[in-house]
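Here the structure is laid out as structure tokens; the discussion comes afterwards.
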Ligand SMILES: NC(=O)C1=CN([C@@H]2O[C@H](COP(=O)(O)OP(=O)(O)OC[C@H]3O[C@@H](n4cnc5c(N)ncnc54)[C@H](OP(=O)(O)O)[C@@H]3O)[C@@H](O)[C@H]2O)C=CC1
Ligand SMILES: CC(C)(CO)C(=O)C(=O)O
């Protein structure tokens with residue numbers, strides 16, 4: 001399979017490397033020091049599920065240099081989605097399918113606007129990773145799950161073939177028939193997770209051991225749950241319980257949201273599409289979201305990068 005990773009950072013680098021190791025033809029679209037390091041020395045992945053060393057990778061700055069692909073992994077941050085989607089449009093072919101990974105529910109429509117809904121397989125990724133150094137991806141838990149599904153039914157056979165390619169590469173991949181319910185379910189967990197770990201600058205372990213902070217986490221989950229249920233009725237009644245189950249029991253104590261990594265590095269934050277999205281949608285629906293409002297107020301000075309830099 002010919003694969004293009006558009007945004008070959010933490011997730012894109014990880015999935016691209018696993019697929020290349022399994023024999024697929026992968027092109028990595030990246031930029032800056034990370035692109036230069038990949039072009040000079042290849043790509044490394046450090047993972048509890050097995051390290052990967054790829055001394056040579058096809059790393060480029062623009063999708064046009066990568067050429068057309070059967071599968072595009074669209075793995076830029078939400079704030080880069082519009083420009084990346086525009087750059088993808090000229091290399092799309094009728095058979096190309098594009099999997100998304102962005103947290104939240106905003107990036108997928110931006111991509112669909114550029115390439116058409118029938119080409120988009122919205123996806124949710126469950127694994128913590130970051131770029132440890134240029135050319136080096138660090139995966140920091142023993143799970144790497146991706147779930148995607150067709151926005152429009154005709155893409156279902158293509159989605160199943162892609163799942164086979166992923167599982168043959170050792171990845172934990174599933175196809176969902178109601179991907180939007182799943183994206184909202186992840187959003188219920190993730191809006192709270194990104195808010196609480198970034199606000200406190202802590203991993204989830206100490207947060208769940210502190211009763212007052214745990215109470216705040218529960219309120220963040222509940223507010224997003226109210227918004228999710230009002231927006232997407234097929235989100236289950238148990239969505240808040242499932243989100244809490246992940247955060248309080250399944251997640252390793254060292255887990256934190258990728259937004260905290262971004263804050264620590266002085267990078268832009270996806271805050272407007274996480275807590276910001278909950279507040280915006282809550283207002284439109286007449287649902288109070290006071291906990292997320294505080295998070296937005298406290299973190300917004302960091303949303304464009306370190307305000308002290
Ligand atoms: N990391 C994680 O653990 C998880 C992340 N997610 C979600 O997945 C998405 C991707 O996250 P993540 O992998 O951490 O992000 P990263 O910032 O690690 O990777 C994105 C990469 O794409 C590059 N990039 C952005 N736009 C372009 C472009 N137009 N052309 C070429 N390169 C480009 C960025 O460069 P630059 O650095 O210069 O901006 C960056 O290197 C996010 O929306 C996040 O919410 C979901 C689950 C887990
Ligand atoms: C918390 C995690 C790793 C869960 O997959 C995530 O989605 C993120 O940090 O962006």
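Every listed requirement among (1) outside the structural domain of residue 279 (by TED's automatic domain parsing); (2) modelled with pLDDT under 95; (3) loosely packed, with under 14 Cβ neighbours inside 10 Å is met by residue 164 save one, (2).
Residues that are farther than 23 Å from residue 142 by Cβ and surrounded by 22 or more Cβ atoms within 10 Å (Cβ to Cβ) within the range 226-262 comprise 227, 228, 235, 239, 240, listed in sequence order.
Can you tell me which residue in the range 111-126 is nearest to ligand 2 (Cβ to nearest atom), limited to those that are surrounded by fewer than 18 Cβ atoms within 10 Å (Cβ to Cβ) and on the phi < 0 side of the Ramachandran plot?
Taking the range 111-126 first, the residues surrounded by fewer than 18 Cβ atoms within 10 Å (Cβ to Cβ) are 113, 116-118, 126.
Filter again for on the phi < 0 side of the Ramachandran plot, leaving 113, 117-118, 126.
Details: 113: 23, 117: 24, 118: 26, 126: 4 Å.
Step by step, filter the range 111-126, then rank; the result is 126.
Residues that are at pLDDT 95 or above, buried (at least 16 other Cβ atoms within 10 Å of the Cβ) and more than 14 Å from ligand 1 (Cβ to nearest atom) do not occur anywhere in the range 27-36. Got at least one residue in the range 71-78 being touching a strand residue (DSSP E or B) at 6+ places or on another chain (Cβ under 8 Å), more than 23 Å from residue 172 (Cβ to Cβ) and buried (at least 18 other Cβ atoms within 10 Å of the Cβ)? No, the range 71-78 contains no residue that is touching a strand residue (DSSP E or B) at 6+ places or on another chain (Cβ under 8 Å), more than 23 Å from residue 172 (Cβ to Cβ) and buried (at least 18 other Cβ atoms within 10 Å of the Cβ).
Within the range 53-94, restricting attention to residues that are part of a loop (DSSP other than H, G, I, E, B) and within 12 Å of ligand 1 (Cβ to nearest atom), the residue that is nearest to residue 19 (Cα to Cα) is 75. Residues that are within 16 Å of ligand 2 (Cβ to nearest atom), over 26 Å from residue 37 (Cα atoms) and in contact with a helix residue (DSSP H, G or I) (Cβ under 8 Å, 6 or more places away or on another chain) within the range 127-165 comprise 146, 147, 148, listed in sequence order.
What residue, of 270, 250, is in the same structural domain as residue 219 (by TED's automatic domain parsing) and within 13 Å of ligand 1 (Cβ to nearest atom)? Show your work before the answer.
Working: 250 fails: within 13 Å of ligand 1 (Cβ to nearest atom).
Only one candidate qualifies: 270.
The values are calculated or read from the model by the stated rules, or taken from the named source; none is laboratory data. Note that the coordinates shown come from a computational prediction; the quantities given were computed from them, not determined experimentally. Counting neighbours? That spans all protein chains shown, and the Cβs are built from the backbone with ideal geometry, glycine included.
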